[in-house]
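Structure, as structure tokens:
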Amino acid sequence: MDDGFGMVIPAGALAASTRIEIHRLAQPPKFAKGPAYRVEPVGLLLTTPAQVTVPVVASDLPPNTQQVLHGYASPSGVEETYEPVSTTTSPDDVMSFEVSELGYYTSGSPFPHVIAAGEDYPRRITTDATHVYWSSSGNLQRKLDYGNDGVVVRAPIGGGLVEVLTTPQPDPVGVAVNDQHVYWVNGGDGALWEGEGSGGAVMRLPKAGGTPEKLSDEAFPQAIALDATHVYWSDAENDEIRRMPLDGGAVTVLASNQGDPRYLALSDTDVFYTTGEMGVVARVPKTGGVPAVLSSEGGKTTAITVSAGYVYWTNEMSGAVRRVSAYGGTPITIRQATRPTALVVNGSQLYFTDLTESNLYKMSVTGGMATILATDQALPWDVKFHAGTNQLILASAGKYDFEGELARVALP
């Protein structure tokens with residue numbers, strides 16, 4: 001065709017003389033980065049692969065960015081049935097790949113496989129070997145049948161039955177799991193974003209089911225993390241980092257006067273945390289002590305993770321993804337983004353989302369070129385790496401109105 005599409009069928013690839021027709025689709029799938037085509041008779045098998053060439057529409061990318069693109073083929077033209085058949089970065093204006101069956105073809109960006117759709121504001125996520133767990137924090141714009149509360153939910157990593165694990169909870173936020181229990185923190189009812197209201201708590205529930213158990217009454221807890229013996233959380237109203245034994249008991253204040261801590265991460269010996277609009281990144285020993293400030297850059301420090309002796313965090317106000325040695329040094333910016341929101345490290349790669357750009361990225365932990373792994377993600381709020389399946393698990397809030405989803409992105 002004169003728009004760049006072509007198909008070369010080798011001699012002898014057809015079992016009999018066959019009329020081949022090519023049609024450009026009026027509506028390509030939403031992930032496509034160029035036109036889509038149907039080659040008839042759809043489903044006809046070739047004894048020798050044919051070479052397909054599809055046009056690619058160039059994207060305007062942020063600086064120092066490249067995009068993964070696939071050639072896609074589908075036996076039906078249904079979006080969920082398209083499978084990648086080739087991969088390229090920094091493509092020319094066409095892509096070529098081999099196919100052994102006539103059907104539907106296009107080029108496009110990788111798209112996540114949906115685990116659960118139609119979710120109401122999935123906010124924070126965690127995983128175990130088989131499931132993804134998330135907090136659904138309710139909806140401030142439209143009252144739910146059970147009020148303005150949320151729930152804790154899980155679904156199999158591969159997709160399947162979505163289970164609501166809890167009764168309605170007053171604004172569940174952070175969530176964590178171990179072998180026996182699901183833990184979470186409730187932000188509480190009332191003027192949630194100002195830290196005023198009631199019902200804040202540290203909670204848990206057996207994975208096998210049962211009644212939610214309150215481990216501690218709290219003011220405005222936001223983040224939660226576990227190790228083998230304790231549960232840790234941030235209290236954004238009292239400006240404290242706290243911990244208690246996994247089965248409940250005495251609450252220990254590890255750090256106070258910390259200025260609105262919202263996110264935290266654990267190493268073997270320390271708790272690392274960010275302080276929101278105070279713009280501070282700090283650590284404190286798990287047993288308590290004097291906090292050490294690792295960065296006091298201002299802005300709005302948010303998501304944080306620690307890996308291989310380095311701390312990584314996002315600054316939503318400045319748009320920077322930053323890192324520093326876990327025990328002091330000069331912080332550096334490894335990526336200037338727009339509104340980076342969540343991040344996770346696996347090995348030498350850092351993965352992060354950008355709330356404004358609506359993209360999921362990967363890059364080296366030391367910086368450099370960033371690669372877009374998924375585009376058009378509506379409010380990508382959180383991301384986790386799942387080692388068992390070598391996939392990223394992504395939570396997108398949608399428009400906060402039952403349009404959120406949980407999805408997975410396979411890594412090479």
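Overview of results
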| read-out | value |
| --- | --- |
| Using a Förster distance of 60 Å, the FRET efficiency for ASP227-LEU61 (Cβ separation, nearest 0.05) | 0.90 |
| ARG19-GLN336 FRET efficiency (beta carbon distance; Förster radius 41 Å; 0.05 resolution) | 0.15 |
| Contact order relative to length of segment 6-108, as percent, for alpha carbon pairs under 8 angstrom and 6 or more apart | 35 percent |
| Evaluated at q = 0.09, 0.19 Å⁻¹: base-10 log I(q)/I(0), Debye formula over Cα of segment 164-309 | -0.25, -1.11 |
| Hits among lysines - C-alpha to C-alpha of LYS33 under 30 Å, sequence gap 8 or more where chains match | LYS362, LYS384, LYS399 |
| Computed over the chain: relative contact order in percent, which uses C-alpha pairs under 8 Å that are six or more apart | 11 percent |
| Per-selection Kirkwood Rh - segment 309-412 (Cα, Å, 1 d.p.) | 13.9 Å |
| Inverse mean reciprocal Cα-Cα distance (Kirkwood Rh) of the chain, Å | 22.9 Å |
| Global form of segment 349-404, assessed from the alpha-carbon gyration tensor, a/c cut-off 1.5 | oblate |
| Cα-Cα P(r), segment 236-279, percent of pairs per 10 Å interval | 26, 53, 20, 1 |
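Bear in mind that the values in this text are calculations on the coordinates, not laboratory data. The model shown is predicted, which means the values in this text are computed figures rather than measured ones. Cβ atoms come from the backbone with ideal geometry, glycine included; neighbour counts cover every protein chain shown.
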